[in-house]
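Note sheet for the following structure.
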Amino acid sequence: MIDHATIERILDAAEISDVVSDFVTLRKRGVNMLGLCPFHNEKTPSFTVSPAKGIFKCFGCGKGGNSVNFIMEHENLTYPEALKWLAKKYHIEVVEHEETEEQKQINDERESLMIVSGFAQKYFTRFLWEENEGRTIGLSYFRERSFRDDTLKKFEVGFAPDGKTPFTEAAQKEGYKIDFLEKTGLTIKRDDWIRDRFAGRVMFPIHNIAGRVIAFGGRILKDDKTAAKYLNSPESEIYHKSKVLYGIFQAKREISKTDKCYLVEGYTDVLSMHQAGIENVVASSGTALTPDQIRLVKRFTPNITIIYDGDAAGIKASLRGIDLVLEEGMNVKVLLLPNGEDPDSFAKKMGASGFQGYIKENEIDFIQFKTRLLLKETENDPIAKARLISDVIRSVSVIPDTITRSVYIRECSKLLNVNEEVLYAEVHKQKRKQNDDFAKIELREQTRKAPPQPVIPVKESDAGFAEEELVFLRFLLKHCNTPLFELESENPNETELIKVGEFMIDELEKDELISENILFQKIFNGIKENLENSTFDPWRYFIYHPDGEISKLATDLLSEKFVESNIWKKGGGYTEAEEDILDLLVPKVINEYKARKIKEMLPAIEEEINIAFQNNDFEKVIDEQSKYMNLKRVEKDLSNKLGNRTII
Ligand SMILES: [Zn+2]
């Protein structure tokens, strides 16, 4: 947490036109300033800055806010990250409070490790460009592979001198402690000897999302059969391999601008694609894609295209991992390069427009890709085909969105030549398998006790539901009768017990943020009406509800794993049982829901502002703008409550 006084100082210093001018050329226009919007492509400026009000507003794409919002948007940072960014610009020391001694020590250590890594990067880079050894070995390697200087500088590549400890000695001479050199893995230290880990390698620094160096990858150039071709920094306090994507810092702006991210394998693939003008690209650096890495991409876009070079064995090995990406609700496409090409060679051969053209024509949907790939092997083999079907269906069944799922089922039904109903049945079977045991037992119990109900056919549709709404409903359904906290009443000997359901319903009614979705309202009101009813069993009531759509939704909510897992992951992995930390989770669920609702409402207000602006109705503009800022403030409040979601 940054303390309040510091935030005030930052906000005072960060004059809007000064902040924006770092990125946009502004011209004075009356009391305001005008420029080309950095958030959408435009030829006539509609991006307005009002120094008097301290806000910016684009009348083209609708983006707007204060200087912190601008940096958040432009640099893709969270609120606290943006504050720190501004603090740095205005040389304001950031005092973070409410740190325990232990936390402080950890933070100090992290900071020290980052400082050492930053020093190392500068050292290696300088060595590459200025020292004879660096130029003749390192730089000539990059030049041979036709990397341009601007590309090399953008990624801050370097060269580590060969020898036992030239780097370690240089670092120590500059006052860096051996302890930190060892912890970052730059130096290897044993009882009786030390040596440089990366000696004689070209160096690829790995940046975190805010652009600080946290680790390195080094490629050996000598013909040494005993040494690994690529060597990476070991895990450290600042570097967790599974949470980092190479190139994310250089790519993030382009990823959110193009609403798409390419995933490749190696460092040089990333460099080559940048050089070819495709900048929305990251690499998993050899590891299989992890859920944390996917979430990192998801911060900027739900659309990911995985680029493979045509090695079938490698592709098959990676298929399983991609189910994880689907599970996160991402849209996954696959691009297969021609035989013998990798992104590096292909980008060089084709150039920017050639490569982009190839992507456009050849990227295909992941499940289609997987189905086709595996289908080839199952010709005339019914058993293999059955296995393939259940394999493909497993991929389909983890997709959270029902609509997307049904599109895939239709698709697969054609490709596999299998009836859609059969596939639906199979998906449901798979989904049941994924349910947690508790829900399974509970459902079985319910089925046994409940009288049979006529089945009302429902269409597969939960369109219009945001994830936050579904999570909210699930908590409401599952925990509405659980006591949440005690409220002191007028009589000191008595306390009033507030139940989860009561609290959740009150919170939405108070802020008038109840969803417009009819199904949401039906469940919401159904629970509200039964709050006082002590024998009310929401499970049975909704799962066996005569309205087929309600019963289906309730069943999905109470059995689907994804709803639970997503809220978990956002908080950074709780290990406790949900029931045990309801006091923590329920407010979080409510706040996430509210934040989402507000986010949905903002564009409508923006639209109002735009219309009023065009009609020269400035009273209305101001009116709507204050509404807008107010919602923004509530939203900001909420996002602070929701905690820092920085991923490093
Ligand atoms: Zn704009």
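The values are calculated or read from the model by the stated rules, or taken from the named source; none is laboratory data. Given the structure is predicted, the values throughout are model-derived calculations rather than measurements. We place every Cβ from the backbone using ideal geometry, glycine too, and count neighbours over all the protein chains shown. Surface areas here come from the heavy atoms of the whole protein model, side chains and all, with no ligands, DNA or RNA. Shrake-Rupley method; radii C 1.70, N 1.55, O 1.52, S 1.80 Å.
Here is a yes/no grid of residues against (1) under 21 Å from Leu83 (Cα atoms); (2) part of a strand (DSSP E or B); (3) more than 16 Å from the ligand (Cβ to nearest atom):
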position: Leu34; (1), (2), (3): no, yes, no
position: Asn41; (1), (2), (3): no, no, no
position: Thr44; (1), (2), (3): no, no, no
position: Asn69; (1), (2), (3): yes, no, no
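Which residues, taken from the stretch 403-415, are more than 16 Å from Lys333 (Cβ to Cβ), surrounded by fewer than 16 Cβ atoms within 10 Å (Cβ to Cβ) and within 27 Å of the chain's Cα centre (by Cα)? Selection gives Ile403 alone. Per the conditions (1) open to solvent by 70 Å² or more (accessible area, probe 1.4 Å); (2) closer than 22 Å to Gln614 by Cα; (3) within 16 Å of the ligand (Cβ to nearest atom), the sole criterion not satisfied by Ala52 is (3).
Selection of the stretch 178-196 for residues being in contact (Cβ under 8 Å) with a residue 12 or more places away in the chain and touching a helix residue (DSSP H, G or I) at 6+ places or on another chain (Cβ under 9 Å) yields Ile178, Phe180, Leu181, Lys183, Thr184, Leu186, Thr187, Ile194, Arg195, Asp196. Tell me whether the stretch 519-540 contains one or more residues that are open to solvent by 30 Å² or more (accessible area, probe 1.4 Å) and in contact (Cβ under 8 Å) with a residue 60 or more places away in the chain. Checked the stretch 519-540: at least one residue is open to solvent by 30 Å² or more (accessible area, probe 1.4 Å) and in contact (Cβ under 8 Å) with a residue 60 or more places away in the chain.
Among the residues of the stretch 320-338, is there at least one that is open to solvent by 30 Å² or more (accessible area, probe 1.4 Å) and more than 27 Å from the chain's Cα centre (by Cα)? Looking through the stretch 320-338, at least one residue is open to solvent by 30 Å² or more (accessible area, probe 1.4 Å) and more than 27 Å from the chain's Cα centre (by Cα).
For the stretch 600-627, a residue qualifies if it is of a type in the set (Asp, Glu) and under 27 Å from Glu469 (Cα atoms), and the qualifying residues are Glu600, Glu606, Glu607, Glu608, Glu624.
Restricting attention to the stretch 474-515, the residues that are assigned to a loop (DSSP other than H, G, I, E, B), modelled with pLDDT under 85 and farther than 16 Å from Ile590 by Cα total 6.
Restricting attention to the stretch 245-285, the residues that are among the hydroxyl-bearing types (Ser, Thr, Tyr), open to solvent by 30 Å² or more (accessible area, probe 1.4 Å) and under 16 Å from Asp150 (Cα atoms) add up to 0.
Among the conditions (1) open to solvent by 60 Å² or more (accessible area, probe 1.4 Å); (2) within 16 Å of the ligand (Cβ to nearest atom); (3) touching an Asp or Glu at 6+ places or on another chain (Cβ under 8 Å), Gly60 misses just one, which is (1). Can you find even one residue in the stretch 237-244 that is within 25 Å of Ile106 (Cα to Cα), at pLDDT below 90, of a type in the set (Asp, Glu) and surrounded by fewer than 20 Cβ atoms within 10 Å (Cβ to Cβ)? So far as the stretch 237-244 goes, yes, one or more of its residues are within 25 Å of Ile106 (Cα to Cα), at pLDDT below 90, of a type in the set (Asp, Glu) and surrounded by fewer than 20 Cβ atoms within 10 Å (Cβ to Cβ). Here is a check on your reading of the model: is Asp12 within 15 Å of Asn66 (Cβ to Cβ), among the acidic types (Asp, Glu), more than 16 Å from the ligand (Cβ to nearest atom) and modelled with pLDDT of 85 or more? Criteria not met by Asp12.
Of all residues in the stretch 21-32, at least one satisfies being part of a loop (DSSP other than H, G, I, E, B) and touching a helix residue (DSSP H, G or I) at 6+ places or on another chain (Cβ under 7 Å).
Restricting attention to the stretch 606-634, which residues are within 23 Å of Asp511 (Cα to Cα) and either open to solvent by less than 50 Å² (accessible area, probe 1.4 Å) or touching a Pro at 6+ places or on another chain (Cβ under 7 Å) (or both)? Glu606, Ile609, Glu624, Gln625, Tyr628, Leu631, Lys632 - these are the residues of the stretch 606-634 that are within 23 Å of Asp511 (Cα to Cα) and either open to solvent by less than 50 Å² (accessible area, probe 1.4 Å) or touching a Pro at 6+ places or on another chain (Cβ under 7 Å) (or both). So, of the residues in the stretch 125-178 that are surrounded by 15 or more Cβ atoms within 10 Å (Cβ to Cβ) and among the small types (Gly, Ala, Ser), which turns out to be nearest to Gln250 (Cα to Cα)? Result: Gly158.
For the stretch 71-88, the set of residues classified as within 12 Å of the ligand (Cβ to nearest atom) and surrounded by fewer than 19 Cβ atoms within 10 Å (Cβ to Cβ) consists of Glu73 only.
The residues of the stretch 1-27 that are closer than 30 Å to Thr258 by Cα and surrounded by fewer than 16 Cβ atoms within 10 Å (Cβ to Cβ), listed by number, are Glu15, Asp18, Ser21, Asp22, Phe23, Thr25, Arg27.
Just one of (1) under 13 Å from Cys480 (Cβ atoms); (2) in contact (Cβ under 8 Å) with a residue 12 or more places away in the chain fails for Gly548. It is (1). Would the stretch 352-360 turn up any residue that is assigned to a helix (DSSP H, G or I), of a type in the set (S, T, N, Q) and open to solvent by less than 70 Å² (accessible area, probe 1.4 Å)? The answer is no, given that none of the residues of the stretch 352-360 is assigned to a helix (DSSP H, G or I), of a type in the set (S, T, N, Q) and open to solvent by less than 70 Å² (accessible area, probe 1.4 Å). Among the candidates Glu600, Glu564, Glu578, Glu607, the residue that is of a type outside the set (A, V, I, L, M, F, W, C) and at pLDDT below 65 is uniquely Glu564. Taking the stretch 375-388 as the range and being surrounded by fewer than 19 Cβ atoms within 10 Å (Cβ to Cβ) and in contact (Cβ under 8 Å) with a residue 12 or more places away in the chain as the test, the residues that pass are Leu375, Lys385. Working only within the stretch 244-268, note down all residues that are within 19 Å of Leu337 (Cβ to Cβ), without any contact (Cβ under 8 Å) to a residue 60 or more places away in the chain and in a helix (DSSP H, G or I). The answer is none; no residue qualifies.
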